[in-house]
Amino acid sequence: MGSIVVAALLSLASLLFSGCSEEPKRASGKIVYQFLANAKSAQIAEYNRERVNFGLEFTINKEKRAIMFEHPTAEIQFNEIGIPKNAVLQFGIAINPEVWDKSGDGVTFEITVVDQKSAKIQIFSSYIDPKANSSDRKWSDHDVDLTDFAGQKVSFIFGTTPGPRGDATYDGAGWSNPQVRLKTGG
């Protein structure tokens, strides 16, 4: 009887944890807007200009990606982006692997949407520190649902700030291939 209970518990555990190590499925529908391709329309505050760069690349774990570079503290704003139904904002984040062995305390990546009523809504915030946390030494990919903004023209603000100690030393942050796209099947 005891071995049956153990086998049942092992089967249950296998079912519960079978998908935990898999990456979430990413949207793969039509691309609606590519931020890197529209870099010339980006608004960058004068104090940010030396901290922002388009056209750079990071290679992490043998995967090279074009990035929108922001050294904290920085903001990049894109205006009048039409959001269709069934859309997501898709992107990856990382810190330049060339500085993983340098000082600093990581970066907080944030995205704020300014809707048609001029309300600012933070839709994404994530702190990574590959210098202190080896599990952050990768591309961290995200799909953020944009359902709440469907049918609107909105602004996106991509921002970076230093880690919890406020140390922006060697905090070369990159947003890989940010784009608005339709979800699969939409």
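General observations
- Residue count, segment 163-174 (criterion: surrounded by fewer than 23 Cβ atoms within 10 Å (Cβ to Cβ) and either in contact with a strand residue (DSSP E or B) (Cβ under 7 Å, 6 or more places away or on another chain) or within 21 Å of A39 (Cβ to Cβ) (or both)): 2
- On inspection, S140 does not qualify as free of Cβ contacts under 8 Å to residues at least 24 places away in the same chain and out of contact with any Phe, Trp or Tyr (no Cβ under 6 Å at 6 or more places or on another chain).
- Out of N133, N96, N86, sole residue that is surrounded by 15 or more Cβ atoms within 10 Å (Cβ to Cβ) and closer than 28 Å to D167 by Cβ: N96
- Residue that is farthest from I111 (Cα to Cα) [pool: residues in segment 128-169 that are of a type in the set (S, T, Y) and either assigned to a strand (DSSP E or B) or at pLDDT 95 or above (or both)]: S134
- Scanning segment 106-127 for residues that are within 21 Å of I67 (Cα to Cα) and acidic (D, E) turns up just one, E110.
- Of the residues making up segment 137-153, none is farther than 21 Å from A39 by Cβ and in contact with a helix residue (DSSP H, G or I) (Cβ under 6 Å, 6 or more places away or on another chain).
- Test: residue in segment 27-34 that is in a strand (DSSP E or B), on the phi < 0 side of the Ramachandran plot, buried (at least 20 other Cβ atoms within 10 Å of the Cβ) and of a type outside the set (D, E, K, R): no
- Enumeration of residues in segment 107-124 that are loosely packed, with under 11 Cβ neighbours inside 10 Å and either touching a Cys at 6+ places or on another chain (Cβ under 7 Å) or among the hydrophobic types (A, V, I, L, M, F, W, C) (or both): A119
- Identification of strands (runs of 3 or more DSSP E) wholly contained in segment 51-114 with 2 or more residues that are touching a helix residue (DSSP H, G or I) at 6+ places or on another chain (Cβ under 9 Å) and over 23 Å from K40 (Cβ atoms) yields 52-60, 87-95.
- Among the residues of segment 37-46, none qualifies, meaning not one is small (G, A, S), at pLDDT 95 or above, part of a strand (DSSP E or B) and under 21 Å from V154 (Cβ atoms).
- Close pairs (6 angstrom Cβ cut-off, 6 or more residues apart or separate chains): under 28 Å from Y33 (Cβ atoms) and at pLDDT 95 or above in segment 88-109, among the hydroxyl-bearing types (S, T, Y) and crowded, with 19+ Cβ neighbours inside 10 Å anywhere: G92/S176; V107/T160; T108/T161; F109/T160
The values are calculated or read from the model by the stated rules, or taken from the named source; none is laboratory data. Model, not experiment: these values are computed from the prediction. Neighbour counts run over all protein chains shown; Cβ positions are idealised from the backbone, glycine included.
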